[in-house]
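**Q** Here you go, one structure.
The values are calculated or read from the model by the stated rules, or taken from the named source; none is laboratory data. As the structure is a computational prediction, the values presented were derived from the model and not from experiment. Please note: Cβ atoms are built from the backbone with ideal geometry, for glycine as well, and neighbour counts cover all protein chains shown. Heads up: the accessible areas ignore ligands, DNA and RNA and are worked out on the full protein's heavy atoms, side chains in. Shrake-Rupley method; radii C 1.70, N 1.55, O 1.52, S 1.80 Å.
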Amino acid sequence: MIAREGWGPLAVIGFVCAVVHWTFGLVWAWPLWLLLIFSLQFFRDPERRIPSTSGAVVAPAHGKVVAVEHVRDPYLDRPSVKIAIFMNVFSVHSNRMPIGGMVKGRWYHAGRFFNASLDKASEQNERNALWIESDCGQDIVVVQIAGLIARRISCSVDYGARVKTGERYGFIRFGSRVDVYLPSESKIDAKLGRWVLSGSDTIGFLRPT
């Protein structure tokens, strides 16, 4: 399955490949075919098996866990646990809802484009944050963060939207990262350095209020 964000770029690249190949032959066209293959893997969007356990928080991104730490949530101003997942160019870049509930707020911040694996990316890079009030009564914040070469954050939900756990909601082009802020009393499953799959791997559990 191909993410809808890739339909346009793939159509253009495929058309150029075909024209160059037909006109000048494979010798000139093969770099373009390699680009098409790379683009196909970049825009892939595989189906995921979503956990149904109550209170389960799933990974919103496919990548490496680069931070699990107790911090002050900068959006809801409360003690929290931040889990950061870094996506490289070979990750699946579709983002998925970490938990079901109601979107209670959205914040967009223009910013810089530091390497997304660095801690300062959470505060200084371009980012888009969503506040979700979960079905079990707890609040979490999920933040899409642009990276060193990422220049476009896509988010298809806004304030008032009703969302489901594992639902596809956004896309970030090229290397980037997603941070999740959980209540400080949450049970954390994420492990530093571990790779997780978006939508199917559990990174924590919320305690019902």
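**Q** Would you mind computing, in nm to one decimal, how far apart the modelled labels at TRP33 and MET1 are, each placed 7 Å from Cα along Cα→Cβ?
**A** 3.0
**Q** Further question: Sort CYS17, CYS155 by heavy-atom solvent-accessible area, probe 1.4 angstrom, most to least.
**A** CYS155, CYS17
**Q** How do HIS70, HIS62 rank by accessible surface area computed with a 1.4 Å probe, from largest to smallest?
**A** Putting HIS70, HIS62 in descending order of accessible area: HIS70, HIS62.
**Q** While we're looking at this one, here's another question. Shape call for the stretch 36-86 from the C-alpha gyration tensor, a ≥ b ≥ c root eigenvalues: rounded (a/c under 1.5), prolate (a/b greater than b/c) or oblate?
**A** Verdict is oblate for the stretch 36-86.
**Q** How large is ³J(HN,Hα), in whole Hz, for each residue of the stretch 64-72 in order, when computed from phi with the Karplus curve 6.51 cos²θ - 1.76 cosθ + 1.60 and θ = phi - 60°, using x for Gly and Pro?
**A** 9, 6, 10, 7, 9, 8, 7, 9, 8
**Q** Report the full-extension gain for the segment ARG207 to SER156: residue separation times 0.36 nm, less the Cα-Cα distance, to one decimal in nm.
**A** 15.6 nm
**Q** So, taking all protein chains as they sit and a 1.4 Å probe, how much accessible area belongs to GLU133, in Å² rounded to tens?
**A** The value for GLU133 is about 80 Å².
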